[in-house]
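Asks: The structure's right below; bear with me while I get my questions together.
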Amino acid sequence: MKLIDGDAIAARIKDEIRDEINRMGIRPRLAAMLVGDDPASAVYVRNKQRACDEVGMESEIVKLEKDTSEEELLRIVMSLNGDKRTNGIIVQLPLPQQIREEKVIETIDPSKDVDGFHPTNMGFLLAGEPRFVPSTPQGIKELVLRSGYAFDGKHVVIVGRSNIVGKPLAALLLCKDANATVTVCHSRTKDLGAITREADILVAAVGRANMIKEDMVKEGSIVIDVGINRIEDKTRKGGYRLVGDVDFDAVKDKAAAITPVPGGVGPMTVAMLMKNTLKAYRIQCE
């Protein structure tokens, strides 16, 4: 079994981005908007700001109160759209109940949509001409390729159909530079194990702790665990520990390669956001 080290691969990618930024003599700028005081969202935004510092990008965090109106948030997004200094815009999800996520995403300038969620960028991806690809699917692709594996002709089974991971990953791997055969499963899929056992590459992205068991995995497959779940663990200082959607201890000896949680897909997501921000700078300067 090979443990796929997302931390190490993400660090190499950030080194490449920093070298490119230094070579070009530029300072791309990313603006991140955080609405409310959700602790997990605050951690994610800080990680993105830290990554900007590591690669030599400028960053701005716009913090707004939980009761911020949709109108006010949209006004700030449109202001950033018109700010020539700002190359990338992200709005940390989830948003408070009074704000429609889809409306905010649609308001971001597609050329600054480094999260890749705008319908225009999703359309490019579905047409097989990706421009900005959501960071987690892009990170999964890079993780597999840089670990020495290929998608060409392989059967990839994705468990999860979200707009953030499952759907864009399926579209990305159907592009001609990947040439995978893709099956997408979800909560209404019958006999899930019968399908996951057919996977050469299995991607679990459902947000359910330890859902993928040993008997659901084919011998010698590559297992990519996107899930990050907290489970109670009184032996830990915080009273919990993080686990993925895959029962790691049960599956690791059956898989040819597997990602850990944490330290697998997560670091790649942030690295790909940096890559998209650099790409946005190039597009806007053409």
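Asks: Would you tally the residues in region 106-137 being under 14 Å from LEU169 (Cβ atoms) and touching a Leu at 6+ places or on another chain (Cβ under 7 Å)?
Replies: Qualifying residue count, region 106-137: 5.
Asks: Among the candidates VAL182, VAL261, single out the residue that is outside any helix (DSSP H, G or I) and closer than 24 Å to GLN92 by Cβ. Before you say what the answer is, go through the steps one by one.
Replies: Working: VAL182 fails: closer than 24 Å to GLN92 by Cβ.
The match here is VAL261.
Asks: Of all residues in region 147-170, count the ones that are surrounded by fewer than 19 Cβ atoms within 10 Å (Cβ to Cβ), more than 18 Å from ASP245 (Cα to Cα) and in contact with a Gly (Cβ under 9 Å, 6 or more places away or on another chain).
Replies: Residues in region 147-170 being surrounded by fewer than 19 Cβ atoms within 10 Å (Cβ to Cβ), more than 18 Å from ASP245 (Cα to Cα) and in contact with a Gly (Cβ under 9 Å, 6 or more places away or on another chain): 0 in total.
Asks: Just to be sure before I move on: is ARG236 basic (Lys, Arg) and in a loop (DSSP other than H, G, I, E, B) in the structure I sent? If you could, list the steps in order and put the result at the bottom.
Replies: Working: basic (Lys, Arg): yes; in a loop (DSSP other than H, G, I, E, B): yes.
Taking the combined requirement at face value, the residue satisfies it.
Asks: Identify, from the list VAL114, VAL156, the residue that is aliphatic (A, V, I, L, M) and closer than 13 Å to VAL203 by Cβ. Give the steps one after another, and end with the answer.
Replies: Working: VAL114 fails: closer than 13 Å to VAL203 by Cβ.
Checking each option against the conditions leaves just VAL156.
Asks: Among the residues of region 199-210 satisfying the criterion of being under 20 Å from LYS167 (Cβ atoms) and surrounded by fewer than 18 Cβ atoms within 10 Å (Cβ to Cβ), which is farthest from the chain's Cα centre (by Cα)? Write out each step before concluding.
Replies: Looking only at region 199-210, we keep the residues that are under 20 Å from LYS167 (Cβ atoms), and these are 199, 201-208.
From the residues that got through so far, the ones that are surrounded by fewer than 18 Cβ atoms within 10 Å (Cβ to Cβ) too are 207-208.
On the way: GLY207: 14, ARG208: 17 Å.
Within region 199-210, the match that is farthest from the chain's Cα centre (by Cα) is ARG208.
Asks: Across region 29-66, which residue is farthest from SER111 (Cα to Cα) among those that are surrounded by fewer than 17 Cβ atoms within 10 Å (Cβ to Cβ) and basic (Lys, Arg)?
Replies: Taking the candidates together, the pick is LYS66.
Asks: Counting just the residues of region 67-94 that are farther than 15 Å from VAL104 by Cβ and of a type in the set (Lys, Arg), which one comes out surrounded by the fewest Cβ atoms within 10 Å (Cβ to Cβ)?
Replies: LYS84
Asks: Just checking, which of ASP253, ASP215, ASP177 is farther than 30 Å from SER41 by Cβ and not in a loop (DSSP other than H, G, I, E, B)? Outline the logic, then answer.
Replies: Working: ASP253 fails: not in a loop (DSSP other than H, G, I, E, B); ASP177 fails: not in a loop (DSSP other than H, G, I, E, B).
Result: ASP215 is the single residue among ASP253, ASP215, ASP177 that is farther than 30 Å from SER41 by Cβ and not in a loop (DSSP other than H, G, I, E, B).
Asks: Here are VAL144, VAL104, VAL133: which of them is modelled with pLDDT of 95 or more, part of a loop (DSSP other than H, G, I, E, B), buried (at least 19 other Cβ atoms within 10 Å of the Cβ) and aliphatic (A, V, I, L, M)?
Replies: Working: VAL144 fails: part of a loop (DSSP other than H, G, I, E, B); VAL104 fails: part of a loop (DSSP other than H, G, I, E, B).
Selected residue: VAL133, the only one of VAL144, VAL104, VAL133 that is modelled with pLDDT of 95 or more, part of a loop (DSSP other than H, G, I, E, B), buried (at least 19 other Cβ atoms within 10 Å of the Cβ) and aliphatic (A, V, I, L, M).
Asks: Search region 218-233 for residues being in a loop (DSSP other than H, G, I, E, B) and among the hydrophobic types (A, V, I, L, M, F, W, C), and hand back the single one that is surrounded by the fewest Cβ atoms within 10 Å (Cβ to Cβ). Reasoning before the result, please.
Replies: The first filter runs over region 218-233 and keeps only residues in a loop (DSSP other than H, G, I, E, B), leaving 218-221, 226-228, 233.
The next check asks that each one be among the hydrophobic types (A, V, I, L, M, F, W, C); those that pass are 226, 228.
Numbers: VAL226: 30, ILE228: 17.
Looking at the filtered set, the residue picked out is ILE228.
Asks: Just name the residue that is nearest to THR269 (Cα to Cα) out of those in region 173-198 that are out of contact with any Lys or Arg (no Cβ under 6 Å at 6 or more places or on another chain) and aliphatic (A, V, I, L, M).
Replies: From region 173-198, those out of contact with any Lys or Arg (no Cβ under 6 Å at 6 or more places or on another chain) are 173-179, 181-183, 185, 187-196, 198; that's our starting set.
If we keep only those that are aliphatic (A, V, I, L, M) as well, we get 173-174, 178, 182, 192, 194-195.
Values: LEU173: 17, LEU174: 20, ALA178: 19, VAL182: 21, LEU192: 27, ALA194: 30, ILE195: 27 Å.
Looking at residues that are out of contact with any Lys or Arg (no Cβ under 6 Å at 6 or more places or on another chain) and aliphatic (A, V, I, L, M), I get LEU173.
Residues are listed down the side, and each one gets a yes or a no for (1) modelled with pLDDT of 95 or more; (2) farther than 21 Å from MET272 by Cα; (3) part of a helix (DSSP H, G or I):
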position: ASN22; (1), (2), (3): yes, no, yes
position: SER41; (1), (2), (3): no, no, yes
position: GLN49; (1), (2), (3): yes, no, yes
position: MET78; (1), (2), (3): yes, yes, yes
position: PRO94; (1), (2), (3): no, no, no
position: GLY116; (1), (2), (3): yes, no, no
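Asks: What residue, of LYS176, LYS167, is closer than 24 Å to PHE124 by Cβ, charged (D, E, K, R) and touching a strand residue (DSSP E or B) at 6+ places or on another chain (Cβ under 9 Å)?
Replies: On the way: LYS176 fails: touching a strand residue (DSSP E or B) at 6+ places or on another chain (Cβ under 9 Å).
Only one candidate qualifies: LYS167.
Asks: Looking at (1) assigned to a loop (DSSP other than H, G, I, E, B); (2) at pLDDT 95 or above, which is the only condition ASP37 fails?
Replies: It is condition (2) that ASP37 fails.
The values are calculated or read from the model by the stated rules, or taken from the named source; none is laboratory data. Since this is a predicted model, take the numbers as computed values, not measurements. Backbone-built Cβ (ideal geometry, glycine too); neighbour counts: all protein chains shown.
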